[in-house]
Amino acid sequence: MAYFESKRIAGRHYLQIPGPSTVPDRILRAMDNATMDHRGPDFGKFTAQLLEKVKFVFKTTGPVVIYPASGTGAWEAALANTLSPGDRVLMCETGWFAHLWRELAERLGIRPEFIKTDWRRGADVAGIEARLREDKGHEIKAVAVVHNETSTGSTSRIAEVRAAIDAAGHPALLLVDTISGLGSMDYRHDEWGVDVTISGSQKGLMLPPGISFNAISAKAIRASAEAKIGRSYWDWGPMLKSNATGYFPSTPATTMLYGLDTALDMMAEEGLENVFARHDRHAEATRRAVRAWGLEVQCEDPRHYSSVLTAVRLPEGHSANALRATILEQHNMSLGNGLGQLNDRVFRIGHLGDFGNLDLVATLGGVEMGLAAAGVPHKPGGVQVAMAYLAGNAGPQG
Ligand SMILES: *Cc1c(COP(=O)(O)O)cnc(C)c1O
């Protein structure tokens, strides 16, 4: 799998970054298919059922639009379709991805307000409510929150954010980035009253990078009629119009859509709730291993633990990047780097997507061997602790 080196490394490459995740063979085979005429009759039928089928993973009955773009494109689409230049948006600095979303908003001419956190927990719900209560003139047009902050392994409790907006009696839209949460952790677009849900293909959905999503509420569609940020490619209007007949205004990522269709089948076959329970189990086993090593998990609030990834802090004076380099070289496994202020301070273990118990044992084994080889002070035996937990909680898929 080492495409850029002449030396072959035996065994599979462990892609344990928190997205892109490993693409299962069944999805790769589904994508290995002739490109269809995207204006032809078969394609319209295929798309019409796919656009219906995709809704279950968002837990919505409303429209979901699909862009050939990475998650960042769907971020831009969510803002450009609902807001006007100069609008205020309330955001929460949960980590690096919240920071990037804020920068994107500023470039679009939006005025974000950022509620600070220490990057060790999810969104500050009380802070959001307090700020909205202050905003008597309803200048804040949207609250934008990252559901699963992939840079820290902290999750924001979206149902509580919704409750805070309602308690303040504020009409702001709720925009949620679940690019790395969807398909791995419980997510409920309709029940949580989310107006735009943003997601991407390459994390919990087990697909390669390349497509991204907006799930859209009726209120968001109404807002789009007034929104003045310039938009063309991202405009929901022509997209929804074409989608209604099973087509797209421009060429869709045909091959990715074949993969999406199969990914959704696989999730339905396993059962969405079983998918979530599996991720919860692997995250708990990972945190137990980390504690047994005597290391610290970046997320400090157990209610905000992410089931998608675990960010692990290195002891003072030790380099997370050196550890990652050792593990890649010796064990052919990629781990996530620390982003922004966490660069070199943490490494991130992705345990998402098509990932079983033995994959986790191998992953944690690679980390434990790497800690020893890189000279990071730790207690051995974390893998044993994780295995004991998995043995008692093996789950339906063993
Ligand atoms: C990966 C990720 C993004 C960025 O998505 P791209 O597909 O790289 O554009 C944004 N937000 C979160 C929470 C992510 O995990």
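The values are calculated or read from the model by the stated rules, or taken from the named source; none is laboratory data. In this text the structure is predicted, and so the values were computed from the model without any measurement. Backbone-built Cβ (ideal geometry, glycine too); neighbour counts: all protein chains shown. We work out accessible area using only protein heavy atoms, side chains counted, and drop any ligands, DNA or RNA first. Shrake-Rupley method; radii C 1.70, N 1.55, O 1.52, S 1.80 Å.
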The chain: most fluctuating residue of Arg29, Arg157, Arg88 per GNM, C-alpha cutoff 10 Å: Arg29
At 1.002 mPa s and 20 °C, Stokes diffusion of the chain via Kirkwood alpha-carbon radius, µm² per second: 99
Helical contribution to [θ] at 222 nm, DSSP H n ≥ 4, -39,500 (n - 2.57), averaged over the chain, rounded to 500: -12500 deg cm²/dmol
Relative contact order of region 25-268, pairs being alpha-carbon contacts under 8 Å that are 6 or more residues apart, as %: 30
Qualifying lysines (Cα of each under 22 Å from Cα of Lys141; at least 8 residues distant if same chain): Lys116, Lys219, Lys228
Accessible area (Å², per residue) of region 25-268, counting only protein heavy atoms and a probe of 1.4 Å: 36
Global form of region 207-271, assessed from the alpha-carbon gyration tensor, a/c cut-off 1.5: prolate
Carbon plus sulfur fraction of accessible area for region 25-268, probe 1.4 Å, in percent: 54
For peptides 141-147, 259-265, sequence by mean Cβ density within 10 Å, most packed first: 141-147, 259-265
Candidates Gly109, Gly95, Gly366: whichever shows maximal mean-square fluctuation once the chain is modelled as a Gaussian network with Cα springs under 10 Å: Gly109
By average C-beta atoms within 10 angstrom, highest first, the peptides 114-122, 177-185, 77-85: 177-185, 77-85, 114-122
GNM top mover of Gly19, Gly237, Gly137 - the chain, alpha-carbon springs below 10 Å: Gly137
